[in-house]
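*Asks:* Questions regarding the structure given below will be posed in turn.
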Amino acid sequence: MSDLRLERVYATDPETVFDAFTDPDAQKELYADAPDWVVTSTCDLRVGGRWTIEFGPPGGPPARETSVFTVVDRPHRLGYVATMTMPDGTSFDTDLEVTFEEEAPGRTRLTILQTGFPTTRLRDEIAGGWPSILDGLGRVVAARAAGPHRP
Amino acid sequence: MVRYSSSTLDRTFAALSDPTRREILDRLAEGPATLGELRRPFDMTLPGLMKHVRVLEEAQLVVTEKKGRTRECRLGAEQLDDAAQWIETYRRRWERRLDRLGDYLERQKGARA
């Protein structure tokens, strides 16, 4: 009932999409709403490892997201439990399963299944935030597909 | 003659051509709303609502601002000015035509008298 499923196809290989999705250097493009937004991320990419992302406009308290990986199968699958904080300061946990499927050479279908929302209202709120993140991921993978990634 | 950006008008009128999208604008006229708040009065699927909001955003009738993991929508009514101006131009033209028709009928009446 309160599940969220999102799909997006990117014109590159699964490794590039998988790496951009988790790479701390890429998170600004995914989470910033304006160039001056402050985005910081750390990622311990292993089962049981912690993934944190803080993001928001300068000067204000950032939104915070903390996840713990349950599945790390590069470049096919990623599972994690995410604790997301809402603008009113409340937080909730959901389970995420992300798959990176190579539909054709150089063509990857990203599927995000987010389950366990406490309410459909929260599910809808989070749904409103995903498209710009997936757009940002598209910009990162396009830039990386065009040239070698230099961290 | 005022020149209008045809593509802007196309987008504006296409976005306004759907009753659900006009209802979304009605709701946002009362104040900003997140997707969760917008969805409540509408009996539609989440992807459906997101698609409508996207069309309105592309027409710049709605602007959105990210707040943490959520996105707040509000009216971006500047684009309506172009559409209102376009309609106003035609309204004035028709008024002038009707004025001229009135003048003509008056003259005809005078000629018959």
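The values are calculated or read from the model by the stated rules, or taken from the named source; none is laboratory data. In this text the structure is predicted, and so the values were computed from the model without any measurement. Reconstructed Cβ throughout: ideal geometry from the backbone, glycine too, with neighbour counts over all protein chains shown.
*Asks:* Residues that are away from chain A (no Cβ under 14 Å), surrounded by 11 or more Cβ atoms within 10 Å (Cβ to Cβ) and at pLDDT below 90: find the helices (runs of 4 or more DSSP H) completely inside the range B:1-98 holding 2 or more of those.
*Replies:* In the range B:1-98, B:6-16 are the helices (runs of 4 or more DSSP H) which contain 2 or more residues that are away from chain A (no Cβ under 14 Å), surrounded by 11 or more Cβ atoms within 10 Å (Cβ to Cβ) and at pLDDT below 90.
*Asks:* If you don't mind, there's one more thing I want to ask. So, restricting to strands (runs of 3 or more DSSP E) that lie completely within the range A:1-90, which ones have at least 3 residues that are within 15 Å of the chain's Cα centre (by Cα) and within 24 Å of A:THR120 (Cβ to Cβ)?
*Replies:* Because the criterion is at least 3 residues that are within 15 Å of the chain's Cα centre (by Cα) and within 24 Å of A:THR120 (Cβ to Cβ), the strands (runs of 3 or more DSSP E) in the range A:1-90 that meet it are A:4-10, A:63-73, A:77-85.
*Asks:* Another question, then. Of (1) of a type in the set (D, E, K, R); (2) more than 25 Å from A:MET86 (Cα to Cα); (3) touching a Leu at 6+ places or on another chain (Cβ under 6 Å), B:ARG39 satisfies all except one. Which?
*Replies:* B:ARG39 satisfies every listed condition except (2).
Residue-by-condition table, conditions (1) surrounded by 19 or more Cβ atoms within 10 Å (Cβ to Cβ); (2) among the aliphatic types (A, V, I, L, M); (3) out of contact with any Asp or Glu (no Cβ under 7 Å at 6 or more places or on another chain):
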| residue | (1), (2), (3) |
| --- | --- |
| A:VAL47 | no, yes, yes |
| A:THR90 | no, no, yes |
| A:ARG109 | no, no, no |
| A:LEU137 | yes, yes, yes |
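*Asks:* Please go through the range B:61-89 and pick out each residue that is within 17 Å of the chain's Cα centre (by Cα) and without any contact (Cβ under 8 Å) to a residue 40 or more places away in the chain.
*Replies:* Correct list: B:VAL62, B:VAL63, B:GLY76, B:ALA77, B:GLU78, B:ASP81, B:ALA84, B:ILE87, B:GLU88.
Residue-wise test of (1) modelled with pLDDT under 95; (2) closer than 18 Å to A:LEU30 by Cβ; (3) among the hydroxyl-bearing types (Ser, Thr, Tyr).
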residue	(1), (2), (3)
A:ILE53	no, yes, no
A:VAL81	no, no, no
A:SER91	yes, no, yes
A:GLU101	no, no, no
A:LEU113	no, no, no
A:ALA127	yes, yes, no
A:PRO148	yes, no, no
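*Asks:* Taking the conditions exactly as written (modelled with pLDDT of 95 or more and within 19 Å of A:PHE69 (Cβ to Cβ)), does A:LEU134 satisfy them or not?
*Replies:* no
*Asks:* Away from chain B (no Cβ under 14 Å) and more than 13 Å from A:THR16 (Cβ to Cβ): which single residue out of A:THR120, A:THR94, A:THR90, A:THR115 fits that description?
*Replies:* A:THR115
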